[in-house]
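Below is one structure, written out as structure tokens, with a few remarks after it.
The values are calculated or read from the model by the stated rules, or taken from the named source; none is laboratory data. This is a predicted model, so every value here is computed, not measured. Methodologically, a virtual Cβ is constructed for each residue, glycine included, from the backbone with ideal geometry; neighbour enumeration extends over all protein chains shown. Side chains are part of the model used for accessible areas, which takes the heavy atoms of the whole protein and leaves out ligands, DNA and RNA. Shrake-Rupley method; radii C 1.70, N 1.55, O 1.52, S 1.80 Å.
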Amino acid sequence: MIESLPPLTSVGVLAVLAVVPIMVSWLIVLVPSKRREACGVVAGNPMETAALAPHQPVVKRPLVTLSRELTTADMGGYLLGMRHLPVEQAAPLLARYVRCADPALQLYAQSILAQSREHLQVQLVKLQRASEDDAQSAAWMLETGLALASPTLTGAAERPGFLKHLSDLAAARLKTSAATPALLSQAIQVFLEAGRPEDAEPLLVRLPQGSPLRAELEPAVAHALHQKQVA
């Protein structure tokens, strides 16, 4: 029979077996393999040496001026881009192209105006269903209504009735909601558009003294009151 190994020899064998994996792991880390050399890893931030993007000059000419100078094909792209602009700002130019001689531009302008009007109407109905004591929703509701009341979105025959409805909503929400500056400023603008500056004047003094909203609306209220007195 084979004699068993002495205790010291067994310990030595175990020590060697324990050291071998450590040495193999060190060799893997220290000796670069062909795969690591071929992967092309570069240390550092490549953005520091990357070329800068080409400078794009800012277009300073108004879109109305560009619309008079561009060709039909170029103007079609501008009209499609107006879908992303506030509709109350883009509507006058869109309404102009609804009456232009080019059928493609007419179609673009009509579809964008119709989609924008429908979006505002759906949003207004949703905000009217909000809680009557929600001042933030009330301010958004009046803001949406003012955008929808734009002369290019609401016809001349419908606009007075819609503004009366909107001013009645403003008066009702002011009774049930907290008089926040946002709600007060939107209500003032609604009353001015509806031809009721006498209802806007008491709200103006409730805005914080020296606030930008009050400074912006004071001249408009004073002018509307003067126009109504001399009329």
Candidate aspartates and glutamates for bridging to LYS228, where Cα separation is under 19 Å - those fewer than 8 sequence places away on the same chain excluded: GLU193, GLU198, ASP199, GLU201, GLU218
Just the number, please: carbon plus sulfur as a percent of the accessible area of segment 121-231, 1.4 Å probe, no ligands or DNA/RNA counted. 55 percent
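Which value results when the Cα radius of gyration for segment 128-212 is divided by 2.2 N^0.38 Å? Write down the numbers at each step before the final one.
Numbers: Rg = 12.5 Å, N = 85, 2.2 N^0.38 = 11.9 Å.
Ratio of Rg to 2.2 N^0.38 Å for segment 128-212: 1.05.
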At 37 °C and a viscosity of 0.692 mPa s, what translational diffusion coefficient does Stokes-Einstein give for segment 76-231, taking Rh as the Kirkwood radius over Cα pairs? Give it in µm²/s as a whole number. 196 µm²/s
³J(HN,Hα) across segment 171-185 via Karplus (A = 6.51, B = -1.76, C = 1.60, θ = phi - 60°), whole Hz, x for Gly/Pro? 5, 5, 5, 5, 7, 10, 10, 5, 7, 6, x, 5, 5, 4, 5
Net charge contributed by nearby residues that have their C-beta within less than 14 Å of ALA231 (K/R +1, D/E -1): +1
Per residue, how much accessible surface does segment 86-231 expose to a 1.4 Å probe? Answer in Å², no decimals. 55 Å²
Excluding residues fewer than 8 positions from LYS126 in its own chain, the aspartates and glutamates with Cα under 19 Å of it are GLU118, ASP134, GLU143, ASP168
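Shape call for segment 78-156 from the C-alpha gyration tensor, a ≥ b ≥ c root eigenvalues: rounded (a/c under 1.5), prolate (a/b greater than b/c) or oblate? Numbers along the way, then the final one.
On the way: a/c = 2.99, a/b = 2.68, b/c = 1.11.
The shape class here is prolate.
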So how exposed is HIS119, as accessible area in Å² (1.4 Å probe, rounded to 10)? 120 Å²
Which order do you get for ARG196, ARG214, ARG129, ARG83 if you rank them by accessible area with a 1.4 Å probe, largest at the top? ARG129, ARG83, ARG196, ARG214
